[in-house]
């Protein structure tokens, strides 16, 4: 997730009441440490404001770790049943659909898991380099294309959010630049990772952009 994307999500969710959002499922949540330190803006602009207002958040990720409430693949029936047991009212599906081979199926699961009149927050890169997690299908939808993936969803808010450039990231954190140089010089662990590093150079001065939508079921 990128900073401006997190701010956009946080601002939109702040316009809804606790009763409209809770319980909220956070798909691809990563660990508590990642949310609060690795990408601290996720906690600052999304998680903390929601928790402070009393929204119950169920963190779901395929990898185990502290702060992950449900561990596993959403396509697994047992895992999906665990999610449904919380009777979710809303779901965040941020930066996931470009990393799965069945994005339409995942979108349908998001719609099916939430209650009527619940909300879906979905984001996908629009202008962003090839990145592995563990795959990248290069799915880069417009607002309309992303919204159409969620059957029956009515757009409540939408925007292609500008999120800065790779050059700006380097200026803010020279550590990012050093890691990038290493990745370009050493094709490790695979050629695909080297390709990802090289592709990022195209965004040295070009704006990262993220397609963001909020839908009501």
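Bear in mind these aren't lab numbers, they're just calculated from the coordinates by the rules spelled out. Small disclaimer: the values here were computed from a predicted structure and weren't measured.
Under the criterion of Cα pairs below 8 Å and six or more residues apart, the relative contact order for the stretch 114-176 equals 23 percent.
Global size of the stretch 1-121: 13.3, 36 Å for Rg and Dmax (C-alpha atoms, Rg to one decimal, Dmax whole). Computed over the stretch 5-66, the quotient of the alpha carbon radius of gyration and 2.2 N^0.38 Å is 1.07. Report the percentage of all Cα-Cα pairs in the stretch 106-217 whose separation exceeds 22 Å, rounded to a whole percent. The answer is 45 percent, as a whole percent. Between the alpha-carbon centres of the stretch 189-215 and the stretch 95-132 there is a gap of 18 Å. Among 116, 35, 140, the residue with the largest mean-square fluctuation in a Gaussian network model of the chain, with springs joining Cα atoms closer than 10 Å, is 116.
Considering only 86, 99, 180, the mean-square fluctuation computed in a Gaussian network model of the chain, springs between alpha carbons under 10 angstrom, is largest for 180. Working from Cα pairs under 8 Å separated by at least six residues, relative contact order for the chain is 22 percent. For the stretch 52-91, the convex hull drawn through the C-alpha positions has a volume of 74 cubic angstrom per residue. For the stretch 49-115, the alpha-carbon radius of gyration amounts to 1.12 times the rule-of-thumb value 2.2 N^0.38 Å expected for a compact globular protein. Highest GNM mean-square fluctuation among 119, 150, 34, for the chain modelled with Cα contacts below 10 Å: 34. From helices alone, the chain scores -9500 deg cm²/dmol at 222 nm; the rule is -39500 (n - 2.57) for each run of n ≥ 4 DSSP H residues, then divide by the residue total. Full extension of the chain segment joining residue 182 with residue 78 gains 33.4 nm, where the gain is 0.36 nm per residue of separation less the Cα-Cα distance. In units of the compact-protein estimate 2.2 N^0.38 Å, the chain shows a Cα radius of gyration of 1.01.
Taking every alpha-carbon pair under 8 Å whose residues sit at least 6 apart, the stretch 20-116 reaches a relative contact order of 33 percent. For the stretch 74-158, the equivalent ellipsoid derived from the Cα gyration tensor has semi-axes of 22, 17, 9 Å, listed largest first.
Once the Cα-Cα distance is subtracted from the 0.36 nm per residue extended length, the residue 173 to residue 32 segment shows a gain of 48.5 nm.
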